[in-house]
Amino acid sequence: MPFVSIRIAGSASKEQKAGIVADVTSSLVTRLGKNPAAVQVVIEEVSTENYGAGGVLIVDRDAPKASPSEGDAHAGSSQ
């Protein structure tokens, strides 16, 4: 019985997860000749606050960058 464990950073919709399960099952049926009823797929959603890469939490890495305020953007320009 094939058992597939998938971890994703963040979350996915129910529809997206259903598609992943269908695709993985289909691949194991096609590639390995497995019975689709025997294929087990578990999807674990890992909070981006609980996962890091390159020494940085994913939530911090993917956070929008602060843009300069409008006052700063015009500083130094003469009118």
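The values are calculated or read from the model by the stated rules, or taken from the named source; none is laboratory data. Keep in mind that what you see is a predicted model, and the values were worked out from it rather than measured. Positions of Cβ are backbone-derived with ideal geometry, glycine not excepted, and every protein chain shown enters the neighbour counts. Please note that ligands, DNA and RNA were not included when accessible areas were found on the heavy atoms of the full protein model with its side chains. Shrake-Rupley method; radii C 1.70, N 1.55, O 1.52, S 1.80 Å.
I need the full set of residues from segment 4-34 which are over 18 Å from the mean Cα position of the chain (by Cα) and either loosely packed, with under 12 Cβ neighbours inside 10 Å or closer than 26 Å to residue 63 by Cα (or both), in order please.
Once the filter is applied, which keeps residues that are over 18 Å from the mean Cα position of the chain (by Cα) and either loosely packed, with under 12 Cβ neighbours inside 10 Å or closer than 26 Å to residue 63 by Cα (or both), segment 4-34 yields 30, 31, 32, 33.
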- Message: Any residue in segment 1-19 that is touching a residue at least 60 places away in the same chain (Cβ under 8 Å) and in a loop (DSSP other than H, G, I, E, B) sitting within a Cβ distance under 7 Å of a residue that is among the hydrophobic types (A, V, I, L, M, F, W, C) and surrounded by 14 or more Cβ atoms within 10 Å (Cβ to Cβ)? List the pairs, counting only those 6 or more apart or interchain.
- Response: none
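Across segment 21-72, which residue is farthest from residue 11 (Cα to Cα) among those that are in a loop (DSSP other than H, G, I, E, B) and in contact (Cβ under 8 Å) with a residue 24 or more places away in the chain? Before you say what the answer is, go through the steps one by one.
Filtering segment 21-72 down to residues in a loop (DSSP other than H, G, I, E, B) leaves 33-35, 39, 47, 51, 54-55, 62-69.
Now restrict to residues that are in contact (Cβ under 8 Å) with a residue 24 or more places away in the chain: 34, 39, 47, 51.
Details: 34: 28, 39: 23, 47: 8, 51: 13 Å.
Result: 34.
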- Note on the structure: Looking across segment 42-58 at residues that are touching a Leu at 6+ places or on another chain (Cβ under 9 Å) and of a type outside the set (S, T, N, Q), the single one that is most open to solvent (accessible area, probe 1.4 Å) is 49
